[in-house]
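The values are calculated or read from the model by the stated rules, or taken from the named source; none is laboratory data. What you are looking at is a predicted structure, and each value in this text was computed from that prediction instead of being measured. Cβ sites come from the backbone with ideal geometry, for glycine too, and all protein chains shown count toward neighbours. In case anyone asks, the SASA skips ligands and DNA or RNA and just uses the protein heavy atoms, side chains included. Shrake-Rupley method; radii C 1.70, N 1.55, O 1.52, S 1.80 Å.
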Amino acid sequence: MIMGLLPHWGPVRVNPIKSAALNSHQFLLRQNFSGKPGPVTATDLVNYWQEVFEANRIPEAQESSEYIVSYVLGAKTFHSLSASSMSTPLTAEQQEQVQQLSAKRLQRMPVQYVLGEWDFQDLTLKMRPPVFIPRPETEDLISLVLEEASQKNKSCVDNAVHQCPPTTPLLVILEIGCGSGAIALSLLSKLPQSQVIAVDKEVAAVNLTRENAQRFQLEHRLRLFHHDVLSSSWEQLLPWGPVDIIISNPPYVFHEDMAHLAAEILRYEHLDALDGGNDGMRVIKRILELAPYILKNYGSVFLEVDPRHPEMVENWLQSRPDLFLSLCATHKDFCGKPRFLHIQKTYSR
Ligand SMILES: C[S@@+](CC[C@H](N)C(=O)[O-])C[C@H]1O[C@@H](n2cnc3c(N)ncnc32)[C@H](O)[C@@H]1O
């Protein structure tokens, strides 16, 4: 995994000797990275930049170097490079492009922003700072919603085919805090009969989601709003009436943990995308307070949270019986940490 959410990397200072050398384009073009004259191959460049990154204490030096060289050669990963790409010497332009991208990585820019795109599920999404970079664990949140969607679709078809005319979408989903559009667009692409409302308080996020939606021609089933759930009226969230599912990967980092985040995050990502306040639950609580008004009866909320949150959310819901919500399941992420909550509306208002 490249760039986890809470890595324990120490403080970093760019090695001035190496950096001075790197600033010279000529340096790169004249060197052949083993010290002998000859053409520069992909492997030479990967090894060279890995060393430079390591010397400058850039995390995930090898992966960073491989991603950058592969990207310049038109491949997703180093291992997927063809034999001919591996053996053909890189042109001067390609070497220069590698150098320019690597210089950004040396400034601790996350690889996802350096490349300007990243894969999430089956979609290659545009990435641009400061919009939050989707994390791999969030892909499991999508799987949980797909499971729920297939059950809801099945019961709709089983119980009342006549009530669901073919033109009616079987599922209406609201995503709160869409960022780059990773969740909303994955759901739209995997659920062809769904409609998604996606909102974010950051204009940059709304714009990036729109660009990504257009990239995959998914915008006709998407309603996108600039909307702050902490301050805007919830009625705006219902262009199609009550929704079946609310999904969110909200800001959930405890405020006191924010200072320990990696330089990549602190320098480049919007901190409001991460900072969940003192208990990490500022936006989570707001979503749950809104849920009874927004959801259909027996509708579901799916949340990604901090591993300390499942118990905290359960206790909080018990203290708020007026919300008629119950925690029906907690799911673990691929590291075995309790990470995803499934909460259901139990009562008709
Ligand atoms: C952790 S990021 C998740 C982004 C995206 N869903 C993903 O998983 O990659 C949280 C997102 O919520 C947005 N956000 C934070 N507070 C919000 C609020 N009060 N109302 C709406 N969106 C908010 C942030 O701007 C950010 O894009």
Quiz item: Rounded to the nearest whole Å², what accessible area per residue is found for segment 204-272 with the 1.4 Å probe?
Solution: 46 Å²
Practice problem: Quote the convex hull volume per residue of segment 37-107, based on C-alpha atoms, as a whole number of Å³. | Solution: 78 Å³
Practice problem: Kindly state, to the nearest 0.05, the FRET efficiency for Lys337 paired with Ser84, given R0 = 35 Å and r defined as their beta-carbon distance. | Solution: 0.25
Self-check item: Amide H contacts of Phe120 (H built 1.01 Å from N, under 5 Å, at least 5 apart or other chain)
Solution: Leu125
Exercise. Over all alpha-carbon pairs of segment 81-152, lay out the pair-distance distribution in 10 Å bins, whole %, shortest bin first.
Key: 16, 30, 30, 15, 7, 1
Quiz item: Can you pull out the GluC sites (Glu not before Pro) in segment 257-307 that DSSP calls coil and that have at most 14 other Cβ atoms within 10 Å?
Solution: none
Quiz item: What ³J(HN,Hα) values, in whole Hz, does the Karplus curve 6.51 cos²θ - 1.76 cosθ + 1.60 give for segment 268-278 when θ = phi - 60°, with x put for Gly and Pro?
Solution: 10, 8, 5, 5, 5, 6, 10, 6, x, x, 4
Self-check item: Rg(Cα)/(2.2 N^0.38 Å) for segment 218-337, N = residue count
Solution: 1.14
Exercise. Output the peptides 317-325, 191-199 sorted from most to least packed, where packing is the average of other Cβ atoms within 10 Å over each peptide's residues.
Key: 191-199, 317-325
Quiz item: What accessible area per residue comes out for segment 37-107, rounded to a whole number of Å², with a 1.4 Å probe?
Solution: 47 Å²
Quiz prompt | Residue-by-residue Karplus 3J(HN,Hα) for segment 101-117, coefficients 6.51, -1.76, 1.60, Hz, glycine and proline x | solution = 5, 5, 4, 5, 4, 5, 8, 6, 5, x, 4, 4, 6, 4, 7, x, 7
Quiz prompt | Within segment 216-277, chymotrypsin sites (Phe, Trp or Tyr not before Pro) in DSSP loop having at most 15 other beta-carbon neighbours inside 10 Å | solution = Trp240
Practice problem: Determine, for segment 197-349, the count of lysine pairs separated by eight or more sequence positions (or lying on different chains) whose alpha-carbon distance falls under 26 Å. | Solution: 10
